[in-house]
1. Out of the residues in segment 123-146 meeting the condition of being at pLDDT below 80 and open to solvent by 100 Å² or more (accessible area, probe 1.4 Å), tell me which one is nearest to V92 (Cα to Cα).
2. So, W36, is that one open to solvent by less than 70 Å² (accessible area, probe 1.4 Å), in contact with a Phe, Trp or Tyr (Cβ under 7 Å, 6 or more places away or on another chain), free of Cβ contacts under 8 Å to residues at least 24 places away in the same chain and not in a loop (DSSP other than H, G, I, E, B) or not?
3. Got a number for residues in segment 57-85 being more than 9 Å from the chain's Cα centre (by Cα), touching a residue at least 60 places away in the same chain (Cβ under 8 Å) and part of a loop (DSSP other than H, G, I, E, B)?
4. Can you name every residue in segment 147-171 that is assigned to a loop (DSSP other than H, G, I, E, B), closer than 28 Å to P93 by Cα and of a type outside the set (A, V, I, L, M, F, W, C)?
5. May I ask you to verify whether L67 is open to solvent by 30 Å² or more (accessible area, probe 1.4 Å), within 19 Å of L110 (Cβ to Cβ) and at pLDDT below 85?
6. If a residue must be in a helix (DSSP H, G or I) and either touching a residue at least 12 places away in the same chain (Cβ under 8 Å) or touching a Cys at 6+ places or on another chain (Cβ under 8 Å) (or both), how many such residues does segment 86-109 contain?
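The values are calculated or read from the model by the stated rules, or taken from the named source; none is laboratory data. Bear in mind the structure is a predicted one, so any value in this text is a computation, not a measurement. Cβ coordinates were reconstructed from backbone atoms using ideal geometry, including for glycine residues, and neighbour counts include every protein chain displayed. Note: areas computed on protein heavy atoms with side chains; ligands, DNA, RNA excluded. Shrake-Rupley method; radii C 1.70, N 1.55, O 1.52, S 1.80 Å.
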Amino acid sequence: MSGRFTGAKAQEYDDGVRILRPAYFSPTNAISYLRWLDFLFATLSAYKREENGIDVVIEHVHGLPTLISVFAKKPVLLFPHEVANDIWFLEVPFPGNFLGFILERVYLSLFRNFPFLVNSPSTAADVRAHGIKRIFTITPGIAKPPRPLHPKNPRPTFIVLGRITPMKRLEAVVDGVAKLAN
């Protein structure tokens, strides 16, 4: 169960696993956070409609949760991409930042007895700091390059992949590279 994004289907299969994306929720401005309740109702509707065909719910949380774990009668695993903590206040406009910050803590507190899947040891540590005990780290897979790579440049090379937003703290990367260069 996750929010739909541009280009994503409401339902698709990936290696035999059915993924449900019941509604769009893309918090791009302060007003969009008011659509979170619509997103919750759409998620609950999709779950109720599809419940018989569901074996386990992996609730994908990136931002505000779907809270489907409150209603699910099937086993639930919670899968947060991160614990945002103060990141809410770096990038998300008011009232979304305040709502997200509070709801993240409520979500982690209410569901501390659920198993959590996380994608990195640092996220595991952040989740653990909120009292979560059943944490399973599944790191994203990598593939070997399809062809030999070019020889490494003798000068240090840094690549930063990600959105250019305050949350990504690119200034810290530039400062770090400058310190290493000295």
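1. Among those that are at pLDDT below 80 and open to solvent by 100 Å² or more (accessible area, probe 1.4 Å), it is I142.
2. No; evaluated as a whole, the condition is false for this residue.
3. Number of matching residues: 1.
4. The answer is G162, R163, T165, R169.
5. So L67 passes the test.
6. 15
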